[in-house]
Amino acid sequence: MNQSPLPRLSVDIVSDVMCPWCIIGWLKFETVMAQFAGRLDFRVQWHPFELNPDMPREGEDAASHVMRKYGITAEQSRANSGKMAGVAAELGFAFNRGPDFRMRNSFDAHRLLSWAGAFEEPEQVESTGVQTALKLALFRAHFTDNRDVSDHDVLADVAASVGLDAARARAILASEEFAEMVRVEEAYWADQNITGVPAFILGGRMLVPGAQDPEVFIRVIERKVLADAA
């Protein structure tokens, strides 16, 4: 006797590769998906958001950027970075911010993520596919390995590391392919009042903002998804 298919829950994540809380939020959400294994069929898709759309190609010293943008002192900046690094470490992710760590322009990274998203299959067995693999590889390249993820050679290399065609990646980056798609998506989410990231949209209608603890997601899913499906 065939088992009934599990209820499917779409998970749209609006985020930026430059956002430390975005990788932290994802790592927390992974534990949520594990919590509902055998009860829900998750489908994850990532969407673009640029924290600093005007960031120049050469980037900016991260500490100086944070102090200028948020009006905080160097001591406060170090404390905030230390807190984030500690949270990430508890979740198994390393923030290796050295003295030369820089914020980067993320638009081209988003173009490759849009390309990778086109490989996702609606009926795939897994909750995530190559787009998620690329997103996580970009997070590691930026925060752990201190690589310049605005550099086209770096981006092509990261794409190849998750099984994507490096030559095709370079051709996309050398053109304007997927640029309009990224801009349209960014405008769409801005129209949905997404002003900060990460933002998780569950089932196309339930917004969970920020890097919330797993209990928050679990409560929303129990009360708004599984209860409605019962």
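Considering all alpha-carbon pairs of the range 8-119, what whole percent are spaced by more than 17 angstrom?
Of all Cα-Cα pairs in the range 8-119, 64 percent lie more than 17 Å apart.
Averaged per residue, what accessible surface does the chain expose to a 1.4 Å probe, in Å²?
50
Give the Debye-formula value of log10 I(q)/I(0) at each listed q (0.22, 0.25, 0.27 Å⁻¹), with one equal scatterer per alpha carbon of the range 12-68, two decimals each.
Evaluating at q = 0.22, 0.25, 0.27 Å⁻¹ gives log10 I(q)/I(0) of -0.93, -1.09, -1.17.
Taking just the alpha carbons, could you work out the radius of gyration and Dmax for the range 60-133, both in angstroms?
16.9, 49
Taking all protein chains in place and a 1.4 Å probe, what share, in percent, of the accessible surface of the range 36-97 do carbon and sulfur account for?
Reported share for carbon and sulfur atoms: 52 percent.
With each pseudo-label sitting 7 Å past Cα toward Cβ, what's the V184-L207 distance in nm, one decimal?
Here the answer is 2.2 nm between the modelled labels.
Residue-wise, which Karplus ³J(HN,Hα) couplings in Hz belong to the range 40-49, taking 6.51 cos²θ - 1.76 cosθ + 1.60, θ = phi - 60°, and x for glycine or proline?
9, 10, 7, 9, 9, 9, 9, 10, x, 8
Could you tell me the largest-minus-smallest coordinate of the C-alpha atoms of the range 110-230 on each of the three principal axes, in descending order and whole angstroms?
On the principal axes, the range 110-230 reaches 48, 31, 30 Å in Cα extent.
Ordered by residue, what ³J(HN,Hα) values in Hz, to whole numbers, does the range 205-221 give under the Karplus form 6.51 cos²θ - 1.76 cosθ + 1.60, where θ = phi - 60° and Gly and Pro are x?
Karplus values, whole Hz, x for Gly and Pro: 9, 10, 8, 10, x, x, 8, 6, 5, x, 4, 5, 4, 4, 5, 4, 5.
Which of these, L112, L207, L134, has the largest mean-square fluctuation under a Gaussian network model of the chain (Cα springs below 10 Å)?
So, out of L112, L207, L134, the one fluctuating most is L207.
Restricting to Cα pairs below 8 Å that are 6+ residues apart, what does the relative contact order work out to for the range 1-97? Please round to a whole percent.
Here the relative contact order equals 32 percent.
Hey, what do the phi angles of the range 25-31 turn into as Karplus ³J(HN,Hα) couplings, whole Hz, using 6.51/-1.76/1.60 and θ = phi - 60°, x for Gly and Pro?
Computed from phi, the couplings for the range 25-31 are x, 5, 4, 5, 5, 4, 5 Hz.
Mean separation of Cα pairs under 8 Å and 6+ residues apart, divided by the residue count of the chain: what relative contact order is that in percent?
30
Taking every DSSP beta bridge that has both residues in the chain, what percent is antiparallel when rounded to the nearest 5?
So the antiparallel bridges amount to about 55 percent of the total.
Under the rule of at least 5 residues apart or a separate chain, name every residue whose amide H is placed under 5 Å from the amide H of F36.
none
Let me know the charge dipole size of the chain about its Cα centre in debye, to the nearest 20, where only the beta-carbon of Lys, Arg (+1) and Asp, Glu (-1) is charged.
Dipole of the chain, to the nearest 20 debye: 640 debye.
Once ligands and nucleic acids are excluded and a 1.4 Å probe is used, how much of V216 is accessible, expressed in Å² to the nearest 10?
Around 40 Å² of this residue is reachable by solvent.
Show the residues, 5+ positions off or on another chain, whose built amide H is closer than 5 Å to the amide H of W46.
I13
For the chain, with equal point scatterers placed on the C-alpha atoms only and solvent neglected, what are the log10 I(q)/I(0) values from the Debye formula at q = 0.07, 0.15, 0.18 1/Å, to two decimals?
Each listed q corresponds, in turn, to -0.23, -1.06, -1.46.
Okay, helix-only estimate at 222 nm for the chain: each DSSP H run of n ≥ 4 adds -39500 (n - 2.57), divide by all residues, round to 500 deg cm²/dmol; what do you get?
Theoretical 222 nm ellipticity from helices: -13500 deg cm²/dmol.
Using Cα atoms only, what is the angle between the long axis of helix 74-90 and the major principal axis of the chain, expressed in degrees (0 to 90) to the nearest 10?
Roughly 40 degrees between the two axes.
List the residues whose amide H sits under 5 Å from the amide H of L9, counting only those 5 or more places along or on another chain, with H placed 1.01 Å from N in the peptide plane.
Here the answer is D41, F42, R43, since their amide H atoms fall under 5 Å of that of L9.
With N denoting the number of residues in the range 69-111, provide Rg(C-alpha) divided by 2.2 N^0.38 Å, to two decimal places.
Normalised Cα radius of gyration, the range 69-111: 1.39.
Using only the alpha-carbon atoms, what does the range 131-172 span along each of its principal axes? Please give whole angstrom values in decreasing order.
Cα spread of the range 131-172 along its principal axes, largest to smallest: 26, 20, 12 Å.
The values are calculated or read from the model by the stated rules, or taken from the named source; none is laboratory data. Small disclaimer: the values here were computed from a predicted structure and weren't measured. Methodologically, a virtual Cβ is constructed for each residue, glycine included, from the backbone with ideal geometry; neighbour enumeration extends over all protein chains shown. Just so you know, the surface numbers come from the protein's heavy atoms only, side chains and all, with ligands and any DNA or RNA stripped out. Shrake-Rupley method; radii C 1.70, N 1.55, O 1.52, S 1.80 Å.
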